[in-house]
1. Treat the count of other C-beta atoms within 10 Å as a stand-in for reagent exposure and order 23, 285 from fewest to most.
2. From the Cα trace of the range 118-236, what convex hull volume per residue do you get, rounded to a whole Å³?
3. On a 0 to 90° scale, report how tilted helix 288-308 is relative to the longest principal axis of the chain, with both axes built from alpha carbons and the result rounded to the nearest 10.
4. Normalising by the residue count of the chain, find the relative contact order in percent from Cα pairs under 8 Å and 6+ residues apart.
5. Could you list, bin by bin from short to long, the percent of Cα-Cα pairs of the range 191-322 in 10 Å steps?
6. Please check: in the Gaussian network model of the chain (C-alpha springs, under 10 Å), which one of 79, 174, 117 has the largest mean-square fluctuation.
7. Output the Cα-based Rg and Dmax of the chain in Å, rounding Rg to one decimal and Dmax to a whole number.
8. As a test, work out the antiparallel percent of DSSP beta bridges whose residues both lie in the range 118-236, rounded to the nearest 5.
């Protein structure tokens, strides 16, 4: 364990984590970002982002995250591309560890995000960003006038399908059961929509297409019959899993595993000096811009907390590029 006690450690390197790093670094707090071995968050799996402010012509997801990272490092954030393997919030200073190193810190910002649950098909992985997506609000615009499919049966799937009718000529919802799990109001809305049709009791066995999605191979779970279904896009909407495995028993999580802020606050958790931002807490919006905004709030709250306990920012020399 290093002897220096850090001002703030940020767990995660998506829009929330890196925005928190930018603000913390500009506040002279010299943040350490434990980015994860696969840094950058969900935008690393997104091809073109057209709804992030400041990029009127769109920007590739990995390029956008590279700019976030470059900006954070420019202001002095230290970034470690390792996975956090454990945290200890039982006494202060708190401890954050990876397989290689441990650090102590006065404050922690949890921005570990959430991961989309995929079907687990090699063809699905190969065609991600080329017709396979998990975000209708991110990618629906690219499917104007096309016939597309949505996999799932809950509220998220019906929300995605309903949103996609704004662009697609037809949306087919594929569900492995013969009835939906979604709320009644969502079901009624979908059943009444002339652009939405349903394929019941079916699972996706393979995504067809070489360079883009051309169709799906479906299996009927009752008869075993395998058929091909023509479509130009596939939206997987079977849920998200918050990345909170190392936080279990250390902080308040809801029944779905998401971090719960203290009532009346936006970023403070039940552990004093531990804050949360982004999709690890927000399971409703799940947008890069809202995650970035939450990262800003968490950094400002952490800065105020550190000032309240007498932690002074690092003085900046005249030669610094800050």
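1. 285, 23
2. That works out to 91 Å³ per residue.
3. So the helix axis and the longest Cα principal axis differ by about 20 degrees.
4. In percent, rounded to a whole number, it is 22.
5. Each 10 Å bin holds this share of Cα pairs: 10, 24, 21, 20, 15, 8, 3, 0.
6. Between 79, 174, 117, it is 117 that shows the largest mean-square fluctuation.
7. Expressed in Å, the Cα Rg and Dmax of the chain come to 21.7, 74.
8. Around 40 percent antiparallel, to the nearest 5.
Laboratory data are not the source of any read-out in this text; all were calculated from the coordinates shown. A quick note: this is a predicted structure, and the numbers were derived from the prediction, not measured. Virtual Cβ from ideal backbone geometry, glycine too; neighbours counted across all protein chains shown.
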